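Below is one structure, written out as structure tokens; comments come after it.
The values are calculated or read from the model by the stated rules, or taken from the named source; none is laboratory data. None of these values were measured; they are calculated from a predicted model. As a convention, Cβ positions derive from the backbone with ideal geometry for all residues, glycine included, and neighbour counts pool all protein chains shown. Just the protein is used for accessible areas: all its heavy atoms, side chains included, with ligands, DNA and RNA removed. Shrake-Rupley method; radii C 1.70, N 1.55, O 1.52, S 1.80 Å.
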Amino acid sequence: MKGTKTIETERLIIRKFVPGDWPDLLEYLSDPRVVKYEPYGPINQQQSIEIAQSHSESDEFWAVCLKNKVIGNIYLEEVVQDSWELGFVFHYDFQHQGYGYEAASRLIDQVFAQGAHRIFAECHPDNQASWRLLEKLGFKREGHLRKNLFFNKAEDGTPIWQDTLVYGLLREEYT
């Protein structure tokens, strides 16, 4: 989002990543419960250092912080003609406490205020916490894509295809 570096809510600081965020990333991205529906498995220390560095150089990733601790991240990128993609991952110990809603709603406010037409998100049908959050944010379920992508392969090398739910939110629907 153009010119935005830090956003504060009642409980959170949403900011750009810095390389020093790697220990917090490692803490939650190494947890199999957190990455269960992500396109990667649990990460190690070296990977967390690389991800923190990469995220710190990106305009699309936002660190969601509770005081001085990163408790999650939000991905928000313009992908085509005023249409943005939203994604989020939160530390297991901080899920179901409203932090995802608080952070995502503030970033959605910002991107719509800057002229975005639409925001969309995709999630696994079994990831009930994610699709419920999207619905609470006002997103509408637009589709259920059947076996449209894979992240892993079986031992014999064949893809393990999975379904995806597609959600969308238009600026005129957002309140």
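Please work out whether the stretch 1-105 counts as rounded, prolate or oblate from its C-alpha gyration tensor, where a ≥ b ≥ c are the square roots of the eigenvalues and a/c under 1.5 means rounded, while otherwise a/b larger than b/c means prolate and anything else oblate? Show your work: numbers first, answer last.
Working: a/c = 1.37, a/b = 1.22, b/c = 1.12.
Since a/c stays below 1.5, the shape of the stretch 1-105 is classed as rounded.
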Task: Sparsely packed chymotrypsin sites (Phe, Trp or Tyr not before Pro) within the stretch 37-81, loop by DSSP, other Cβ within 10 Å at most 14 - done: Y40
Open item on the list: Can you give me the % of accessible surface on the stretch 1-89 that is carbon or sulfur? Probe 1.4 Å, all protein chains present, nothing else counted.
Closed with: 48 percent
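On average over all directions, what projected area in square nanometres does the chain have, based on the convex hull of its Cα atoms?
Details: hull surface 41.9 nm².
Taking a quarter of the hull surface, the average projection is 10.5 nm².
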Open item on the list: Give me, ordered by chain and number, the residues 5 or more places off I43 or on other chains with an amide H under 5 Å from its own placed amide H.
Closed with: S30, D31
Task: Accessible area expressed per residue, the stretch 100-175, with surrounding protein chains retained (probe 1.4 Å, Å²) - done: 58 Å²
TODO: Would you mind calculating the relative contact order of the chain from Cα pairs under 8 angstrom and at least 6 residues apart, reporting the percent as a whole number?
DONE: 18 percent
Open item on the list: If I model the stretch 59-111 as equal point scatterers sitting on the Cα atoms and use the Debye formula, what is log10 I(q)/I(0) at q = 0.13, 0.15, 0.17, 0.30 Å⁻¹?
Closed with: -0.31, -0.41, -0.51, -1.27
Task: Coordinate range along principal axes, alpha carbons of the stretch 83-175, Å, largest first - done: 49, 31, 18
Task: Sum of -39500 (n - 2.57) over DSSP H runs of 4+, divided by residues of the chain (222 nm, nearest 500) - done: -7500 deg cm²/dmol
Open item on the list: Could you report the stretch 1-93's accessible area per residue, 1.4 Å probe, as an integer in Å²?
Closed with: 53 Å²
